[in-house]
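Q: Have a look at this one.
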Amino acid sequence: MTATAATGRSLDWDALTSALSGIEIIREPTQVAKLSQDYYSFSPVLQAQLTGKVADLVVRPVNEAEVLRVAEVCVKFKLPLTVRGAGTGNYGQCVPLEGGVILDLSRMQAVRWLKPGLACVEPGVKLAALDKQARETGWEIRMTPSTYRTATIGGFIGGGSGGIGSITYGQLRDRGNLHAVRVVTMEDQPRVIELRGDDVQKVNHAYGTNGIITELEIPLGPAYPWAEYIVSFSDFMSAARFGQALGDSDGIIKKLICICAAPIPNYFAALRSHIPENSHCALLVVSESCREPLTGLVREYGGAFCYEKAAKDASKGVTLVEYSWNHTTLHARSVDPSLTYLQTLFPPDKQLKLVEQMYHHFGDEAMMHLEFIRVNGSVLPAALQIIRYSTAERLQEIIQYHEEQGAFIANPHTYVLEDGGRKTIDPVQLKFKEMVDPYGLLNPGKMRAWLER
C-alpha cells in the first residue's frame with residue numbers, strides 16, 4: 001500500500017514494514033506524536049517552531065544488528081532518521097523536522113561490563129540504573145543531568161553537556177569523560193565504526209546528526225556517601241560567593257553547588273517549608289565526611305543550614321538533584337508556565353563582578369540561578385537564569401546584553417546545533433557526517449554546517 005507520509009512523500013508502507021519485520025514498529029498516531037517530542041516547550045520560541053513536527057513511524061530495535069537493518073532500510077527508502085533516548089532534552093534535539101523514522105534506542109539497555117573506573121553500556125541504559133549497579137562495586141557515574149532517573153546514557157552524550165558532578169569532572173566534552181563509542185553509519189551499506197580517544201568528539205553532543213551510537217565506554221568515579229544540604233543566606237551575593245569558595249575548596253568533596261536567588265525557592269513546593277521566606281539558598285550535595293569543613297565555610301559566609309539529609313537516606317523521597325540544573329526551571333514553570341530560561345557561562349572571576357552586575361541590572365526579569373562547574377581547571381558559575389518572558393525581541397535583547405558584557409550564552413531557544421552552545425561550525429563533525437551520512441538523512445535540519453556546505 002502506498003500512502004503519503006507526514007512529510008508529503010509517498011511511501012510503500014507494506015514494503016517498508018516488511019523490510020523491518022521482526023523489529024518493533026509503532027504507527028499509532030498518538031504514540032508516534034508523543035515520541036516525536038522532548039521538553040522544547042521550555043522555550044516559547046521553539047514551541048512556535050516545533051509544535052506539530054512528527055515522525056511517520058517509530059522503530060525500537062533491541063540490539064546493534066537491528067539498528068544496522070533500520071539504517072539500511074532508511075537509506076534505501078531515503079527516509080530521514082532521528083535518534084531518540086528518553087526525550088528529556090530541551091532544544092528539540094530529537095524532534096523530527098522532516099518526518100520519517102524515529103529510532104528509539106530505549107530498549108538497548110545492556111550493561112556490557114563494569115571495571116574499576118570504567119563501564120561499557122548500550123545507549124538505552126538509564127543513568128540511575130547504571131549508577132545503582134556501579135555503586136554496588138564502589139564506583140558511580142561521574143556526572144548526570146537532573147533528569148537522571150529517566151535519561152539514557154546515549155541521549156546524555158548525544159544531547160547533553162554536563163550536570164551534577166561537573167563541579168568535579170568538568171563537562172562531557174572534556175578529554176577523559178567519554179572513552180569510546182560504537183557508531184552505525186547511514187551509507188548504502190551501513191557499517192559499524194568504533195571511535196576511541198579524541199575521535200569520540202566526532203559524535204559527542206552532535207544531536208545524532210552524524211552516526212547512531214550503539215555502545216559507549218564511559219569513566220566512573222569513586223562512590224562517596226553523598227549528603228544533601230540546603231543553606232540559606234540573607235543576600236544573594238553572599239550565597240554566590242559562598243558557592244565560588246566551596247567550588248574552590250579542593251579538600252571538600254562535592255557533587256553539586258546550586259545557588260538560587262529569591263524568589264526561586266518559592267517555586268520549590270516540597271522544600272518551601274524548610275527554606276526561610278524571601279531568602280536565597282544553596283542546594284548542595286557534599287560527601288558526608290566533609291560536614292565539618294563545610295560547616296566552617298557556611299559560617300564564614302553568613303549562611304545557615306536549613307535542611308539536611310544523610311547519605312543513608314539519599315535514595316528516599318525528595319532529592320535536591322531534582323531541584324537543580326534544568327529541574328529548577330521545571331519547578332518554576334509548573335507554577336508559572338510563562339517562565340523560560342537562559343544558559344550562561346560567566347568568565348572566571350573570584351569576585352563574581354559580572355554575576356553581581358547582571359543580578360542588579362535585570363532584577364526579577366532574569367532570576368539568578370547558578371550552577372558551579374569546572375572549566376579547564378577553574379571553577380566558574382554557569383547560570384540557568386529563569387526569565388520572565390515577554391517577547392522574542394526582548395529575549396534577544398537580554399541575550400545580547402549578556403554577550404556584550406562578556407558572558408557566553410549557550411542559547412536554549414534554537415534547535416540548530418551550532419547556534420546553541422557551539423557557536424562555530426565544527427569541521428571535524430562535518431567531515432565525519434559527509435562520510436557516514438552522505439544523503440544527510442540523520443536528524444536533518446539540525447546541523448548548520450551541513451545545510452551551508
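Q: Answer yes or no: is there a residue in segment 56-65 that is assigned to a helix (DSSP H, G or I), at pLDDT 95 or above and under 21 Å from residue 213 (Cβ atoms).
A: Here is the first cut: in segment 56-65, the ones assigned to a helix (DSSP H, G or I) are 64-65.
So of that shortlist, the ones also at pLDDT 95 or above come out as 64-65.
Next, from what is left, pick out any that are under 21 Å from residue 213 (Cβ atoms): 64-65.
There is at least one residue in segment 56-65 that is assigned to a helix (DSSP H, G or I), at pLDDT 95 or above and under 21 Å from residue 213 (Cβ atoms).
Q: Could you grab me the full set of residues in segment 311-348 that are of a type in the set (D, E, K, R), in a loop (DSSP other than H, G, I, E, B) and modelled with pLDDT of 95 or more?
A: Step one: list which residues in segment 311-348 are of a type in the set (D, E, K, R), which gives 312-313, 316, 322, 333, 336.
Filter again for in a loop (DSSP other than H, G, I, E, B), leaving 316, 336.
The answer is 336, and nothing else.
Q: Please determine whether any residue of segment 276-298 is in contact (Cβ under 8 Å) with a residue 40 or more places away in the chain, under 30 Å from residue 365 (Cα atoms) and assigned to a helix (DSSP H, G or I). If you could, list the steps in order and put the result at the bottom.
A: Keep residues of segment 276-298 that are in contact (Cβ under 8 Å) with a residue 40 or more places away in the chain, which gives 276, 279-289, 291, 293-294, 297-298.
Still in the list and also under 30 Å from residue 365 (Cα atoms): 276, 279-285, 298.
Those still in the list that are assigned to a helix (DSSP H, G or I) too: 298.
Yes, segment 276-298 has at least one match.
Q: Ok, one more. Look at residue 130 and say whether it is open to solvent by less than 60 Å² (accessible area, probe 1.4 Å) and either farther than 30 Å from residue 387 by Cβ or touching a Phe, Trp or Tyr at 6+ places or on another chain (Cβ under 8 Å) (or both).
A: Numbers: open to solvent by less than 60 Å² (accessible area, probe 1.4 Å): yes; either farther than 30 Å from residue 387 by Cβ or touching a Phe, Trp or Tyr at 6+ places or on another chain (Cβ under 8 Å) (or both): yes.
Judged against the criteria, residue 130 is a match.
Q: Output the qualifying pairs, or none if there are none: Cβ atoms under 8 angstrom, residues six or more apart or on different chains, first residue in segment 407-429 and touching a residue at least 24 places away in the same chain (Cβ under 8 Å) and of a type in the set (Phe, Trp, Tyr), second residue buried (at least 20 other Cβ atoms within 10 Å of the Cβ) and not in a loop (DSSP other than H, G, I, E, B).
A: 408/344; 415/40; 415/46; 415/50
Q: For segment 199-236, name all the residues that are charged (D, E, K, R) and either touching a helix residue (DSSP H, G or I) at 6+ places or on another chain (Cβ under 9 Å) or over 30 Å from residue 273 (Cβ atoms) (or both). Spell out the reasoning first.
A: Within segment 199-236, the subset charged (D, E, K, R) is 199, 202, 215, 217, 228, 235.
Hits for segment 199-236 are 199, 202, 215, 217, 228.
Q: Out of 394, 388, I need the residue that is touching a residue at least 40 places away in the same chain (Cβ under 8 Å) and of a type in the set (D, E, K, R). Which one? Steps first, please.
A: Working: 394 fails: touching a residue at least 40 places away in the same chain (Cβ under 8 Å).
Result: 388 is the single residue among 394, 388 that is touching a residue at least 40 places away in the same chain (Cβ under 8 Å) and of a type in the set (D, E, K, R).
Q: Being more than 20 Å from residue 223 (Cβ to Cβ), in contact with a His (Cβ under 9 Å, 6 or more places away or on another chain) and either modelled with pLDDT of 95 or more or open to solvent by 20 Å² or more (accessible area, probe 1.4 Å) (or both): is that true of residue 305 here? Working first, answer last.
A: Values: more than 20 Å from residue 223 (Cβ to Cβ): yes; in contact with a His (Cβ under 9 Å, 6 or more places away or on another chain): no; either modelled with pLDDT of 95 or more or open to solvent by 20 Å² or more (accessible area, probe 1.4 Å) (or both): yes.
Here the answer is no, as residue 305 does not meet what is asked.
Q: Right, here's the next one. Do you know which of the residues in segment 103-127 that are among the small types (Gly, Ala, Ser) and within 23 Å of residue 327 (Cβ to Cβ) is surrounded by the most Cβ atoms within 10 Å (Cβ to Cβ)? If you could, list the steps in order and put the result at the bottom.
A: The first filter runs over segment 103-127 and keeps only residues among the small types (Gly, Ala, Ser), leaving 106, 110, 117, 119, 124.
Next, from what is left, pick out any that are within 23 Å of residue 327 (Cβ to Cβ): 106, 124.
Working: 106: 19, 124: 23.
It comes out as 124.
Q: Restricting attention to helices (runs of 4 or more DSSP H) lying wholly within segment 152-263, give those where 2 or more residues are open to solvent by 10 Å² or more (accessible area, probe 1.4 Å), of a type in the set (S, T, N, Q) and without any contact (Cβ under 8 Å) to a residue 60 or more places away in the chain. Before you say what the answer is, go through the steps one by one.
A: Numbers: elements: 153-159, 166-169, 236-248.
Those helices (runs of 4 or more DSSP H) do not exist here; none qualify.
Q: Look at residue 319 and say whether it is surrounded by 15 or more Cβ atoms within 10 Å (Cβ to Cβ) and among the hydroxyl-bearing types (Ser, Thr, Tyr).
A: Values: surrounded by 15 or more Cβ atoms within 10 Å (Cβ to Cβ): yes; among the hydroxyl-bearing types (Ser, Thr, Tyr): yes.
For residue 319, the condition - surrounded by 15 or more Cβ atoms within 10 Å (Cβ to Cβ) and among the hydroxyl-bearing types (Ser, Thr, Tyr) - is met.
Q: Now for a different question. Inspect segment 10-23 for any residue being surrounded by fewer than 18 Cβ atoms within 10 Å (Cβ to Cβ), under 30 Å from residue 411 (Cα atoms), hydroxyl-bearing (Ser, Thr, Tyr) and without any contact (Cβ under 8 Å) to a residue 12 or more places away in the chain and give the result as yes or no.
A: Taking every residue of segment 10-23 in turn, none turns out to be surrounded by fewer than 18 Cβ atoms within 10 Å (Cβ to Cβ), under 30 Å from residue 411 (Cα atoms), hydroxyl-bearing (Ser, Thr, Tyr) and without any contact (Cβ under 8 Å) to a residue 12 or more places away in the chain.
Q: Only one of (1) exposed (fewer than 15 other Cβ atoms within 10 Å of the Cβ); (2) part of a helix (DSSP H, G or I) fails for residue 273. Which number is that?
A: (2)
Q: Would you tally the residues in segment 66-104 being of a type in the set (A, V, I, L, M, F, W, C) and in a strand (DSSP E or B)?
A: At the first step, the residues of segment 66-104 found to be of a type in the set (A, V, I, L, M, F, W, C) are 67-68, 70-71, 73-75, 77, 79, 81, 83, 86, 94-95, 97, 101-103.
Okay, now just the ones that are also in a strand (DSSP E or B), so 81, 83, 101-103.
Adding up the residues that qualify gives 5.
Q: Right, here's the next one. Of the conditions (1) over 30 Å from residue 341 (Cα atoms); (2) in contact with a Phe, Trp or Tyr (Cβ under 8 Å, 6 or more places away or on another chain); (3) not basic (Lys, Arg), residue 79 satisfies every one except a single condition; which number is it?
A: With respect to (1) over 30 Å from residue 341 (Cα atoms); (2) in contact with a Phe, Trp or Tyr (Cβ under 8 Å, 6 or more places away or on another chain); (3) not basic (Lys, Arg), residue 79 is out only on (2).
Q: Do you know which residues across segment 13-55 are in a helix (DSSP H, G or I) and among the polar types (S, T, N, Q)?
A: Of segment 13-55, the ones in a helix (DSSP H, G or I) are 13-19, 29-34, 40-42, 44-50.
Selection gives 17, 18, 30, 31, 41, 47, 49.
Q: May I ask you to list the residues in segment 71-98 that are open to solvent by less than 30 Å² (accessible area, probe 1.4 Å) and more than 22 Å from residue 156 (Cα to Cα)?
A: 73, 74, 75, 79
The values are calculated or read from the model by the stated rules, or taken from the named source; none is laboratory data. Keep in mind it's a predicted model, so treat the numbers as computed, not measured. Counting neighbours? That spans all protein chains shown, and the Cβs are built from the backbone with ideal geometry, glycine included. Accessible surface is based on the protein model in full, side chains and every heavy atom, while ligands, DNA and RNA are left aside. Shrake-Rupley method; radii C 1.70, N 1.55, O 1.52, S 1.80 Å.
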